[in-house]
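The values are calculated or read from the model by the stated rules, or taken from the named source; none is laboratory data. All of these numbers come straight from a predicted model, not from anything done at the bench. Reconstructed Cβ throughout: ideal geometry from the backbone, glycine too, with neighbour counts over all protein chains shown. Just so you know, the surface numbers come from the protein's heavy atoms only, side chains and all, with ligands and any DNA or RNA stripped out. Shrake-Rupley method; radii C 1.70, N 1.55, O 1.52, S 1.80 Å.
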Amino acid sequence: MNKINVVGLGNILFGDEGFGVEAVRALEASGNWPETVQFVDGGTQGLYLLDYFESCDALMVFDSIIPVEFEPKVYLYRKEELPAFIHRKMSAHQMGLSELLAVARLHGREPSQIVLIGAPPHDLGLGNGLSELMRGHLARAVEMGSEVLREWLEQ
């Protein structure tokens, strides 16, 4: 892979909603990654993130997500699994994520590899930071992200 972008989505002011941003920060700090890997605090920027989606060979996104039938654990979805997942609109950012991927596809600049990693939020209280449950998920999310990054870097 020539260029890998790792993007964290979420609002750190609303408790577990900031999981994606915290996960990207933790993943970046977990290793000595090559310059071909760019870590992005995407926050709630929506379409302003389009260049990060279109300018890479592989894209990893972290976010708070709620699968239809969920357990409180970390989930990983690969590119081929995303359309069905995203159309269920289970995250405050999935509309933005869905739109970004659709525009990148229309432009013919969709990354060849895409992974979404996330966990269901437990507490969305203003100013609460991540709940204990979500802090517990960070290590697993970083582990999953590291495994995918190593896989991509070996390609």
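What pairs can you find where one residue is in the stretch 130-155 and part of a helix (DSSP H, G or I), the other is open to solvent by 70 Å² or more (accessible area, probe 1.4 Å), and their Cβ atoms are less than 8 Å apart, with a gap of 6+ or different chains?
Close Cβ pairs (under 8 Å, with a partner that is open to solvent by 70 Å² or more (accessible area, probe 1.4 Å)) amount to LEU133/PRO72; LEU133/HIS122; MET134/HIS122; HIS137/PRO72; HIS137/LYS73; ARG140/LYS73.
Identify, from the list GLY96, GLY42, the residue that is touching a helix residue (DSSP H, G or I) at 6+ places or on another chain (Cβ under 8 Å), modelled with pLDDT under 95 and assigned to a strand (DSSP E or B). Step through it out loud before you land on a result.
On the way: GLY96 fails: assigned to a strand (DSSP E or B).
The conditions single out GLY42.
Anything in the stretch 49-73 that is β-branched (Val, Ile, Thr) and at pLDDT below 95? List them, or say none.
ILE65, ILE66, VAL68
Any idea how many residues of the stretch 1-39 are assigned to a helix (DSSP H, G or I) and either hydroxyl-bearing (Ser, Thr, Tyr) or open to solvent by 40 Å² or more (accessible area, probe 1.4 Å) (or both)?
Let us first name the residues in the stretch 1-39 that are assigned to a helix (DSSP H, G or I), namely 15-29.
Keeping just the survivors that are either hydroxyl-bearing (Ser, Thr, Tyr) or open to solvent by 40 Å² or more (accessible area, probe 1.4 Å) (or both) gives 22, 25, 28-29.
Selection size over the stretch 1-39: 4.
What pairs come up if the first residue lies in the stretch 20-38 and is within 15 Å of SER64 (Cβ to Cβ), the second is open to solvent by 60 Å² or more (accessible area, probe 1.4 Å), and their beta carbons are under 6 Å apart, counting only those six or more places apart or on different chains?
Filtered contacts from the stretch 20-38: VAL21/ILE12; VAL21/ASP41.
Give the residue that is modelled with the lowest pLDDT, with candidates limited to residues of the stretch 99-124 that are surrounded by fewer than 21 Cβ atoms within 10 Å (Cβ to Cβ) and within 26 Å of GLY15 (Cβ to Cβ).
Only one residue tops the list, namely GLU99.
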